[in-house]
Amino acid sequence: MLLIEPGTRAIPSPHPLQQSCHKLYRAAATSEIQRHIHTADAVVLHVPHADLVDWQTAIIGMRRLPVYWLCSEEAAHQQADWGYAPDGVIFPSMTVHEMKLALQWGLRIFQQRKHWLEEREQLLMRLEERKWIDQAKAVLCEVKGISEAEAYDFLRKQAMNERKRIGDIAASIVKVYQLIHG
């Protein structure tokens, strides 16, 4: 686990966080973060609330990891809308057992969000592919004078013959058509 504590926000040792993870790396500067980010399984931000979004964005830009916020009870109660989505919030007053449970829960949230993002990317890709296929069917109907069903069959057979995805074949047809008629 990578604990980011810029400035003078260092937590005292020993701390339940150290006992809740296998290995704890500490970092205060970007160079230290970059040195440890690829070996860490998660990141704990011990930063003021005002800096959370910037730190979370910076971490995600380096590597996608579960991100937790180590905050004081006063800061947590004062914030009605945090404006970001950490995977978990941990408090200095937590016991080792409570901290382990919070870290496990945050990992579950992270994995869920990661799964949803992957599913979203796949759906967007399929939607984009569908657009290419519809455009290619229209081109084939116009150029070859065939029905939409026949155009789709043509695309499918061409994809099988060339051992490519139907979306790639469709995109190629549309791009060539646009090049010639553009």
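What the table below lists for this structure:
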read-out	value
Test: residue in segment 82-105 that is modelled with pLDDT under 90, among the β-branched types (Val, Ile, Thr) and over 30 Å from His38 (Cβ atoms)	yes
Total residues in segment 140-154, condition in a loop (DSSP other than H, G, I, E, B) and small (Gly, Ala, Ser)	2
Residue match in segment 91-99 (condition: within 13 Å of the chain's Cα centre (by Cα), under 12 Å from Tyr68 (Cα atoms), surrounded by 15 or more Cβ atoms within 10 Å (Cβ to Cβ) and in contact (Cβ under 8 Å) with a residue 24 or more places away in the chain)	no
Residue that is farthest from Ala102 (Cα to Cα) [pool: residues in segment 22-61 that are assigned to a helix (DSSP H, G or I) and small (Gly, Ala, Ser)]	Ser31
Condition broken by His115, with the remaining ones in (1) within 17 Å of Leu3 (Cα to Cα); (2) at pLDDT 90 or above; (3) surrounded by fewer than 13 Cβ atoms within 10 Å (Cβ to Cβ); (4) not hydrophobic (A, V, I, L, M, F, W, C) satisfied	(1)
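The values are calculated or read from the model by the stated rules, or taken from the named source; none is laboratory data. Nothing here was measured: the structure is a model prediction, and the numbers come from that model. Note that each Cβ is placed from the backbone with ideal geometry, even for glycine, and that neighbours are counted across all protein chains shown.
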